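Reading through the C-alpha cells given below for one structure.
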Amino acid sequence: MSASTIVSNVSRCAAAILFGFSCASAHAGGALVIYRVGAGPGCNFPNLQAALDAASADPADSTEIRLSATAANQELVVLNKNITIDGRYSGCNSGVPNNSTRQTISGTGGNSVLAIGNAVNTPRRSVTLRNLIIRGGGPLGPAALGGGLRMTGPMDVALLDSRVSDNESVSGAGISLQNGVSLTLDGGTIIGTDGALGLVGNRAVSAGVSPSRGGGIFCFASVLNINDARIRVNTSTDHGGGVYLSACTALIEPRPEFTGNGTGFVTLFRNSADGNGGGLYATGGSEVFWRSLPTGSFGGLATENSAVGRGGAVFLTGASNFVGDWLRFEDNKADDRGGAIAVEDISNLILRGGPGFACSGTNCPGIYGTRGITQFESAVLIGGAIYADSGGNVSLRQQRLFDNSARIGSAIFLSGSTTQADLRSVLIARNTLYRVGNATSTVDLSSSAKIQMRYVTMFGNFRVSNVIPFIDRALSSIRANGNSSTVELRNSLFYNDGQQVFRSLVGATATGSCVLAHENTSFPPATIADPLYVDTTGNNPDYSLEPASPAIDRCAASGTNETDVRGVSRPQDLPQPNLAGPFDAGAFEYALDDVIFANGFDLD
C-alpha cells in the first residue's frame with residue numbers, strides 16, 4: 001500500500017468519526033470497520049444483531065462494534081467473522097473508551113445470549129469481547145450448550161474485564177466452547193457471582209437423560225486460557241460446578257506483570273456439584289496446567305467448593321492430567337471421596353512448589369481444612385485431602401496437608417494395585433479421623449495400593465476418641481492392605497504422630513531408612529528419637545527443627561535433591577553435627593541463615 005493511500009484512509013476515517021459514520025480503514029491483510037451501536041447521534045445501528053450481520057465475512061477483514069447501550073432480549077448469532085464487541089463507550093459520539101464502563105447484553109431465557117461459530121476447515125477467526133455483562137441465557141433442551149456464550153469451530157476468543165452471570169443450560173451454563181476454540185479469560189473477568197453488581201452464578205441443569213456439565217464453563221476439544229479471572233458460585237446438578245473439561249487443555253497462568261497480593265490471581269470459589277468435581281471436572285484426556293510465577297506467593301486459590309460425590313475442588317478421570325505449581329486449596333468439601341481432590345482411571349495429579357519459591361503461613365501451597373459435607377460420627381468421606389483409585393497417580397512436592405478430616409484416610413486414601421503416590425518434602429499435620437473408635441489411619445492404602453514417602457514430616461494427626469479429651473492420636477500414621485501393597489519411608493519423621501508408624505493388613509510390606517519415630521516395633525528401620533520441633537502447639541505451629549535436633553545432617557540422599565517444604569535448598573550440610581549424611585530428615589531442612597522462615601508455619 002502506498003503512503004498516499006494510507007494518508008487518504010486516515011483522512012476518510014477522521015472525517016467519518018467527526019460526522020458519526022462507520023469507519024473502514026485498511027490494515028495488515030484486510031479492512032477494519034468500526035460500527036457504533038446504541039441510541040442517539042452518531043450511531044450506525046440501534047440493534048446489535050444488525051451490526052453483526054453487516055460485518056464482513058472476509059477472513060482478512062475485522063469489524064469493531066462499539067456498544068454504548070444495553071441490549072435486552074437477545075439471541076445473537078455470529079458466523080464466520082472477525083468481531084470485536086467493546087462495551088467501554090457511553091455514547092456513539094464518544095471516541096474515548098472508559099475502562100469502568102460495561103454494557104449489558106441480556107438473553108431471552110430460552111437460548112444462548114451470544115452464539116459464535118466458524119466453519120471447520122476455514123481460516124481461524126478472531127473474536128474479542130470487552131467490558132460486557134452477558135446474562136439471562138437459558139437453553140435447556142437435551143443438547144443445550146452455552147447459556148451465556150456458545151462458541152464452536154476454529155477461532156481465538158478473548159473475554160476481557162467482563163461478567164458472565166445468571167445463565168442456565170445443560171452444559172456450560174455460563175460458557176461453552178467446542179471443536180477448536182481457544183478462549184482467553186483476562187482483565188479480571190468473572191464467570192459467576194459478582195455481588196457488587198447484583199449478579200448471581202450460572203446454573204447447569206440436567207435435562208432428561210442428559211447430565212449437566214459445567215455450571216461456569218464447559219470445554220470440549222478446545223483450549224481454555226485463564227490469565228486473570230474468577231470462577232465463582234456456579235452450580236451443576238451433576239458434574240463440574242465451576243468448570244467441566246472433556247478432551248480439553250486448560251492453561252492457567254498469570255500475566256508476566258502479575259505480582260500478587262496474597263489472594264491469588266485465579267480463583268475457583270464456592271462452586272458446587274451434586275455429582276463430582278465441585279470446582280473442576282476433567283475427563284477424556286484433558287490437561288490442566290495451573291502455575292504461578294516465582295513472586296514469593298501462591299498464584300492460585302481453590303476455596304469452599306463442594307461436591308456431593310467426589311472431588312470437592314477437583315475431580316480427574318479418563319486419563320486426565322492436573323499439574324499445579326504453588327497452588328492452595330482451602331475449605332473444600334465432598335461427601336463421598338476426596339475432600340479436595342479425587343483421582344481415578346489412570347489420571348495423574350502433580351502438585352509442586354519449586355526452587356526460588358518461598359512461603360510462610362497463608363501463602364504456602366497445599367491442602368487445608370477440607371471436610372465432608374456430612375461430618376463427625378455420621379461422616380462418610382474417604383480421603384480428606386486426596387483420594388485416588390483405579391490407577392490414579394499422585395505426586396506431591398513441597399505441599400502441606402493440614403487440618404483435613406475424613407472417616408477414613410484423613411489426609412490421603414489410595415485404592416487399587418495400580419494406584420500409587422510419591423510424596424517428597426511434604427508436611428502432614430493435624431488431620432482428624434471422624435467417629436469414635438475409628439480404626440483407620442491418616443494415610444490409608446487399600447487393595448494393594450503403593451506409596452513412597454521421602455522427606456515427609458507427620459505430626460499430631462488425630463482421631464476422635466471416647467477417652468477424655470475425646471481426641472487421641474490416630475492408630476497409625478500409615479496403614480496398608482493387600483499382598484502387593486508396598487510402603488517406602490525414607491528420610492522422614494513420624495515422632496508422636498499415630499500410635500504406630502505402620503500397620504500391615506493381608507501381607508502389605510514397608511521398607512526404608514533414616515526414619516525417626518517414637519516407636520519402631522511396627523517399623524523396625526526407625527530410630528526412636530525426638531526430632532525437636534520448634535513449636536507444635538497453639539494456632540501457629542512450627543515444625544522446623546531446633547539447632548540440637550538429631551534429624552539434622554542425619555541422612556544420605558534419597559532420590560533427587562529437591563528443596564524442602566518452604567523452598568530451602570537441600571542439603572545445607574552444616575559443619576556440625578555431620579552424622580550419617582548431609583541431608584536432614586523430614587520436610588524441613590535446617591539452615592543457619594534461616595531468617596526469612598523465622599515464624600515457621602504461621603497460619604495466621
Among (1) at pLDDT 95 or above; (2) within 33 Å of the chain's Cα centre (by Cα), THR563 falls short only on (1)
Taking first residues from segment 159-187 that are modelled with pLDDT under 95 and surrounded by fewer than 24 Cβ atoms within 10 Å (Cβ to Cβ) and second residues anywhere that are among the hydroxyl-bearing types (Ser, Thr, Tyr) and not in a strand (DSSP E or B), the pairs with Cβ under 9 Å that are 6 or more apart or on different chains are GLY187/SER162
Quick check: is even one residue across segment 96-108 surrounded by 15 or more Cβ atoms within 10 Å (Cβ to Cβ), in contact with a Pro (Cβ under 8 Å, 6 or more places away or on another chain) and at pLDDT 95 or above? no
When ALA60 is run through (1) among the hydrophobic types (A, V, I, L, M, F, W, C); (2) surrounded by 15 or more Cβ atoms within 10 Å (Cβ to Cβ); (3) more than 18 Å from ILE116 (Cβ to Cβ); (4) modelled with pLDDT of 95 or more, the failure sits at (2)
Scanning segment 401-438 for residues that are in a loop (DSSP other than H, G, I, E, B), among the polar types (S, T, N, Q) and at pLDDT 95 or above gives ASN404, SER410, SER417, THR418, THR419, ASN431
Listed by first then second residue, the pairs whose first member lies in segment 264-289 and is crowded, with 22+ Cβ neighbours inside 10 Å, whose partner is among the aromatic types (Phe, Trp, Tyr), with beta carbons under 6 Å and at least 6 positions apart or on separate chains, are PHE265/PHE258; ASN276/PHE315; GLY277/PHE315; TYR281/TYR244; TYR281/PHE315; VAL288/PHE322
Among residues of segment 439-495 being in a loop (DSSP other than H, G, I, E, B), in contact (Cβ under 8 Å) with a residue 12 or more places away in the chain and among the β-branched types (Val, Ile, Thr), the residue surrounded by the most Cβ atoms within 10 Å (Cβ to Cβ) is THR442
Would it be correct to say that VAL209 is in contact (Cβ under 8 Å) with a residue 60 or more places away in the chain, out of contact with any Lys or Arg (no Cβ under 6 Å at 6 or more places or on another chain), surrounded by fewer than 24 Cβ atoms within 10 Å (Cβ to Cβ) and over 26 Å from LEU79 (Cβ atoms)? yes
Of the residues in segment 523-545 that are charged (D, E, K, R) and under 35 Å from the mean Cα position of the chain (by Cα), the one that is surrounded by the most Cβ atoms within 10 Å (Cβ to Cβ) is ASP542
Checking GLY512, GLY498 in turn, the sole residue that is in a strand (DSSP E or B) and more than 30 Å from the chain's Cα centre (by Cα) turns out to be GLY512
Restricting attention to segment 364-393, the residues that are buried (at least 22 other Cβ atoms within 10 Å of the Cβ) and assigned to a loop (DSSP other than H, G, I, E, B) number exactly 10
Restricting segment 526-549 to residues that are in contact with a strand residue (DSSP E or B) (Cβ under 7 Å, 6 or more places away or on another chain) and in a loop (DSSP other than H, G, I, E, B), the one nearest to LEU401 (Cα to Cα) turns out to be PRO541
| said: Condition check: surrounded by fewer than 24 Cβ atoms within 10 Å (Cβ to Cβ), closer than 26 Å to GLU589 by Cβ, touching a strand residue (DSSP E or B) at 6+ places or on another chain (Cβ under 8 Å) and touching a residue at least 12 places away in the same chain (Cβ under 8 Å). Does ASN404 satisfy that? | reply: no
Only one of GLY312, GLY260, GLY264, GLY296 is at pLDDT 95 or above and assigned to a loop (DSSP other than H, G, I, E, B), namely GLY312
Pairing a residue in segment 303-325 that is more than 11 Å from THR370 (Cβ to Cβ) with any residue that is acidic (Asp, Glu) and assigned to a loop (DSSP other than H, G, I, E, B), where Cβ atoms lie under 6 Å and the two sit 6 or more apart in sequence or on different chains, gives VAL308/ASP274; VAL308/ASP335; GLY309/ASP336; ARG310/ASP336; THR317/GLU344; THR317/ASP345; GLY318/ASP345
Condition check: touching a Pro at 6+ places or on another chain (Cβ under 6 Å) and within 15 Å of TYR455 (Cβ to Cβ). Does LEU493 satisfy that? yes
Here is a check on your reading of the model: is ASN466 within 24 Å of PRO365 (Cβ to Cβ), polar (S, T, N, Q) and at pLDDT below 95?
no
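The values are calculated or read from the model by the stated rules, or taken from the named source; none is laboratory data. Just so it is clear, the model here is predicted, and its values are computed rather than measured. So basically every Cβ, Gly included, is an ideal-geometry build from the backbone, and we count neighbours across all protein chains shown.
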